[in-house]
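Chemist: If you scroll down you'll find the structure; I have some questions about it.
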Amino acid sequence: MLNRERLPRAQERMPTFLLRPLPAALEPLETLALDLRWTWSHAGDVVWRRVNPDVWDRTQNPWVTLQESSQLRLDQVAQDPAFQDELQRLRVAHQQYLDDPAWYGQVHAAAGPRKIAYFSMEFGLGESLPLYAGGLGVLAGDYLKTASDLGVPVVGVGLLYQEGYSRQVLDAAGRPQDLFPYNDPTSLPLVPTLDSTGGWLRVRLDLPGRALLLRVWNARVGRVALYLLDSNDPLNSPADRGITSKLYGGGLELRLLQEMVLGVGGWRLLETLGLGVEVCHLNEGHAAFAVLERARAFRERCSMSFWDALWATRAGNVFTTHTPVAAGFDTFDLALIQKYSLYSRDYLARLGISLAELLALGRKDPRDPSEPFNMTYLALRGCGTVNGVSRLHGAVSRHLFRELYPRWPEQEVPVGHITNGVHVPSWDSAWADRLWTRAGGKERWRGTLETLSEAIQACPDEELWTFRVAGRQALIHYARERLARQLGQRGTAPEIEAQAAQVLDPNVLTLGFARRFAAYKRPTLLLHDPARLVRLLTAPEQPVQLVVAGKPHPADDEGKRLVEAWAAFVQQPAVRHRAVFLEDYDMALAQELVQGVDVWLNTPRRPWEACGTSGMKVLANGGLNCSALDGWWAEAYTPDVGWALGDGQEHFEPEWDAREAEELYRRLEHEIVPEFYMRDAQGIPRAWVARMRASMAQLAPWFSSNRMMREYVERLYLPAAAAFRLRSGQGAQLAQELRAWQAGLASHWSDIRFGNLEVKDEGNRMSFTVQVYLGEVDQQWVQVELYAEPAGDGAPIRQAMDRGDEIAGAINGYAYRTTVPTSRPPAQFTPRVIPAHPAAGVPLEEHHILWYR
């Protein structure tokens with residue numbers, strides 16, 4: 001169970017918050033209810049429904065189902081032989097899942113990292129543990145689930161929020177109203193983490209004038225443990241108890257405190273647990289303080305300088321940025337930072353650096369005292385690997401961070417990309433699950449996916465269309481029930497509420513649009529010409545219907561106005577039966593939508609959608625995408641799998657929205673709608689089904705979190721763990737060598753200069769010889785290269801130049817030579833000098849550069 005061998009002995013029997021002991025025959029239910037694998041594996045649904053059908057149908061939450069069941073009912077099911085058989089089957093299957101070495105254990109257990117810590121400000125695992133605001137948290141939840149399925153040794157680190165993110169309802173005028181229900185930990189599928197004495201494990205942070213104590217909770221996600229830090233401890237002051245009150249609530253001071261808790265407190269927790277973490281993965285810059293605390297702990301353990309410790313530990317730190325605009329970075333001014341003991345003399349002394357040195361880690365220009373402290377810059381300077389979350393976002397990030405690597409070509413700014421993916425078992429419908437199981441087997445999302453595309457290609461049209469119709473029908477039923485409920489809660493007239501049972505049609509083309517309502521996502525693009533949209537929805541021969549959902553940030557007044565626009569539109573009598581707006585967008589609603597819609601609409605303003613995963617979730621369910629060429633769709637789109645909006649370029653002129661709205665209407669009127677209704681004698685839209693098949697076969701496996709996780713392991717985690725072991729082993733000698741190398745370059749880089757350059761045309765080859773005077777810089781510390789910008793869409797030419805004879809009369813001056821096959825003019829080539837060390841990341845860790853011209 002969850003690597004308990006690595007936890008303190010007293011934690012082997014963890015306390016829970018059941019109101020009464022379970023009958024002995026039902027004790028396995030406690031373990032099963034506390035493992036959030038039930039959020040994606042529905043093998044136990046029949047068991048939970050039999051325990052308490054009313055509570056189960058209302059909550060879909062095994063833990064609440066157990067808590068709300070009477071002793072009489074528990075005694076009854078404990079004595080039911082049929083129930084016991086089902087429970088035994090479920091218990092055995094659960095244990096087999098935990099014991100299976102899975103993909104990682106079979107392929108990488110010997111050389112891979114022993115433990116990977118994944119830090120995130122939010123985790124979206126399901127409505128039973130509402131610790132998320134949007135896509136970042138949902139991705140983090142999918143990441144943990146996939147780590148469990150593939151057996152990757154991940155431990156999650158986050159915060160337990162008392163209120164989490166807001167819930168939203170619409171008032172009678174269609175205006176969003178924010179609600180903040182309390183997350184009672186006793187009703188959440190969590191257990192306290194105990195220390196070695198059997199007491200509640202607490203992590204301490206020193207704040208001005210007091211100590212902040214953070215209680216530690218544990219959520220089990222299959223094979224993965226998620227640790228959550230909680231300031232709502234009676235031993236804290238009332239103000240400090242509120243530090244983990246709201247996700248993204250309050251002002252900058254609360255945000256700073258939360259990020260201190262996550263980064264510093266989170267790493268201290270890992271040290272306390274003794275988990276032997278080798279790779280620390282920061283999911284966004286919120287947790288960047290972890291790189292400081294990790295270096296501090298290593299420094300004190302190994303008795304070395306902070307900078308040596310940072311060189312040792314940063315190799316094992318991975319930073320994933322999700323932000324496509326600089327305005328999205330968390331920044332804090334100096335006065336606010338100085339207020340907290342994170343930067344007090346005591347903590348600075350433990351770090352072994354000055355305040356100015358620490359601030360320089362979070363500033364673009366360390367000499368500018370007015371520049372705020374930037375958490376993203378700290379993450380960049382404290383990690384050995386950096387990635388964006390789509391191919392386009394990688395390019396956007398390189399442009400965004402280019403000023404941190406002055407004079408380096410933008411394409412060499414050290415940010416790669418691993419495109420996000422979705423945990424398919426969390427998002428596929430029951431009908432999709434059955435179809436994929438028949439095609440690819442029960443374990444299809446836990447392997448390497450090679451055969452899935454071919455298996456889906458072999459599915460007959462009739463089978464694909466039948467499962468698509470079933471998904472749409474289920475969505476219509478769900479939408480009617482949810483709409484009736486929200487109208488009734490709003491006090492709508494009974495005759496209007498009764499009409500909810502008649503909205504939408506299971507045989508009509510169904511479009512879905514749902515996401516966080518923010519201006520850059522352009523959620524009202526489809527409302528650009530309301531009359532035209534009405535004609536689309538009410539066409540007598542080929543009608544369209546629309547399900548819209550979304551939730552703006554509580555402080556986003558513009559986003560709320562966008563919600564109001566949709567709320568007003570769907571209230572028009574002409575479209576009330578064809579368009580609905582479902583309030584309080586959450587994961588449960590998202591699951592129903594992505595399982596049922598025929599076409600998923602996405603209209604972000606390029607390039608402000610870093611990736612976007614909502615459209616990926618429809619793939620396995622047979623839904624198709626019609627999206628702006630931004631984020632993941634920019635690399636996924638081909639004409640046979642869906643539809644694209646825009647020209648693949650960035651446009652910020654006001655009239656561009658009108659042009660893309662016109663394009664969206666035309667796509668719907670002339671391509672999407674006609675293709676959906678083009679049926680053969682059997683009533684099957686063959687062209688539509690062919691597009692479904694292509695989308696499912698080509699995109700669903702690739703844009704799954706299975707592929708994403710395997711890329712993280714093989715491209716980032718394995719190299720990071722190997723580099724960390726090299727740098728931290730043998731008394732961290734290599735880290736100290738790297739620090740000395742960097743210091744030597746910083747002291748003497750200005751000594752380096754170029755002499756003469758000689759170019760010879762040798763037919764289809766060019767030879768280049770350049771004189772380089774290195775001054776006090778060791779010749780082994782640098783590399784001289786010949787460089788040329790990319791020709792077209794190709795890669796730049798980077799060719800190492802060979803060091804030749806020493807220049808007569810020069811001290812440490814040499815002639816460097818190389819020959820390149822090329823037809824390009826010599827003026828397109830130039831020599832340059834860059835830092836060189838086989839164990840260093842250049843330019844991420846050392847970014848000096850000198851150009852001949």
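Please treat every number below as a calculation from the coordinates, not as lab data. Everything numeric here is computed off the predicted structure, so don't read it as measured data. Cβ atoms come from the backbone with ideal geometry, glycine included; neighbour counts cover every protein chain shown.
Chemist: Using each residue's phi in the range 832-839, evaluate 6.51 cos²θ - 1.76 cosθ + 1.60 at θ = phi - 60° and report the 3J(HN,Hα) Karplus result to the nearest Hz, with x for Gly and Pro.
Modeler: Coupling constants for the range 832-839: 8, 10, 10, x, 9, 7, x, 9 Hz.
Chemist: Loop-only check: which trypsin sites (Lys or Arg not before Pro) in the range 708-780 are DSSP coil with at most 11 other Cβ within 10 angstrom?
Modeler: Nothing satisfies the criteria.
Chemist: Looking at the P(r) of the range 147-288, how many percent of alpha-carbon pairs lie beyond 26 Å?
Modeler: Result: 28 percent of Cα pairs exceed 26 Å.
Chemist: Per-residue HN-Hα couplings for the range 592-609, Karplus 6.51 cos²θ - 1.76 cosθ + 1.60 at θ = phi - 60°, whole Hz, x for Gly and Pro?
Modeler: So the Karplus estimates, Gly and Pro as x, are 5, 5, 5, 7, x, 6, 7, 9, 9, 9, 8, 10, x, 8, 4, x, 8, 9 Hz.
Chemist: Here are labelled values, (i) 14, 47, 31, 7, 1, 0; (ii) 14, 44, 33, 9, 1; (iii) 16, 52, 30, 2, 0, and one is the computed P(r) over Cα pairs in 20 Å bins from 0, in percent for what I pasted. Which one?
Modeler: Calculated P(r) over Cα pairs in 20 Å bins from 0, in percent: the matching label is (ii).
Chemist: If you don't mind, there's one more thing I want to ask. Give the lysines reachable from residue 760 as a straight Cα distance under 16 Å; neighbours fewer than 8 places away on the same chain don't count.
Modeler: Leaving aside lysines fewer than 8 places away in the same chain, none come within reach of residue 760.
Chemist: Where does the chain land at 222 nm, in deg cm²/dmol rounded to the nearest 500, when only DSSP H runs of n ≥ 4 count, each adding -39500 (n - 2.57), divided by all residues?
Modeler: Mean residue ellipticity, 222 nm, calculated: -10500 deg cm²/dmol.
Chemist: Residues of the range 39-76 with amide nitrogen under 15 Å from the 7 Å Cα-to-Cβ point of residue 84?
Modeler: Residues 75-76 qualify, since their backbone N sits under 15 Å from the label point.
Chemist: In addition: Computed over the Cα atoms, what is the radius of gyration of the range 552-613 divided by 2.2 N^0.38 Å, N being its residue count?
Modeler: In units of the 2.2 N^0.38 Å rule of thumb, it is 1.29.
Chemist: If you don't mind, another one. Which far-off residues, 5 or more places away or on another chain, put their amide H under 5 Å from the one on residue 782, with H placed in the peptide plane?
Modeler: When sequence neighbours closer than 5 places are left aside, the close amide H contacts are 836.
Chemist: I'd like the trypsin sites (Lys or Arg not before Pro) in the range 354-402 restricted to DSSP loop residues with at most 10 other Cβ atoms within 10 Å, sorted by number.
Modeler: Sparse-neighbourhood loop trypsin sites (Lys or Arg not before Pro): 367.
Chemist: Which longest run of the chain has no exposed loop site in it, a site being chymotrypsin sites (Phe, Trp or Tyr not before Pro) in a DSSP loop with at most 14 other beta carbons within 10 Å, and the site itself not part of the run?
Modeler: The reported range is 183-651.
Chemist: Still on this structure: For residue 237 and residue 473, what does the FRET efficiency come to when R0 = 60 Å and r is the distance between their Cβ atoms, rounded to the nearest 0.05?
Modeler: 0.65
Chemist: I need to check one value: relative contact order of the range 29-165, counting alpha carbon pairs closer than 8 Å and at least 6 residues apart, in percent.
Modeler: 21
Chemist: Further, regarding this structure: For the Cα atoms of the chain, what angle does the longest principal axis make with the long axis of helix 391-400, in degrees from 0 to 90, nearest 10?
Modeler: With both axes taken from Cα atoms, the answer is about 50 degrees.
Chemist: What are the ³J(HN,Hα) values, in whole Hz, obtained from phi via the Karplus relation 6.51 cos²θ - 1.76 cosθ + 1.60 with θ = phi - 60°, for each residue of the range 580-587 in sequence order, with x given for Gly and Pro?
Modeler: Taking θ as phi minus 60°, the curve returns 9, 10, 9, 7, 6, 4, 9, 5 Hz for the range 580-587.
Chemist: All other residues with a Cβ under 13 Å from the Cβ of residue 125 taken together, and with Lys, Arg as +1 and Asp, Glu as -1, what is their net charge?
Modeler: It works out to a net charge of -2.
Chemist: Relative contact order, percent, of the range 439-560 when contacts are C-alpha pairs under 8 Å separated by at least 6 residues?
Modeler: With pairs under 8 Å counted, the relative contact order is 21 percent.
Chemist: What is the chain's relative contact order, in percent, from Cα pairs under 8 angstrom and six or more apart in sequence?
Modeler: So the answer I get is 11 percent.
Chemist: Considering only DSSP beta bridges with both partners in the chain, what is the antiparallel share in %, to the nearest 5?
Modeler: 55
Chemist: Right, another one. Restricting to DSSP loop positions (anything but H, G, I, E, B) with no more than 13 other Cβ atoms inside 10 Å of their own Cβ, which GluC sites (Glu not before Pro) remain in the range 456-549?
Modeler: 541
Chemist: For the range 386-434, rounded, prolate or oblate, judged on the Cα gyration tensor with a ≥ b ≥ c (square roots of eigenvalues), a/c < 1.5 rounded, else prolate if a/b > b/c?
Modeler: Prolate, since a/c reaches 1.5 and a/b exceeds b/c.
Chemist: Percentage of Cα-Cα pair distances in the range 433-577 greater than 20 Å, rounded to whole percent?
Modeler: Cα-Cα pairs of the range 433-577 separated by over 20 Å account for 62 percent.
Chemist: For helix 289-302, what angle does its Cα long axis make with the longest principal axis of the chain, in degrees from 0 to 90 and rounded to 10?
Modeler: Helix 289-302 and the main axis of the chain meet at about 50 degrees.
Chemist: Now a separate question. Within the set 145/246; 339/560; 246/521; 364/560, which residue pairs have Cα atoms separated by over 26 Å?
Modeler: Exceeds cut-off: 339/560; 364/560.
Chemist: Further question: Taking only Cα atoms, what is the 0 to 90° angle, nearest 10, from helix 135-150's long axis to the longest principal axis of the chain?
Modeler: Here the helix axis deviates by roughly 90 degrees.
Chemist: On a C-alpha basis, how far is the centre of the range 721-796 from the centre of the range 27-58 in Å? Whole number, if you could?
Modeler: The range 721-796 and the range 27-58 have Cα centres spaced 59 Å from each other.
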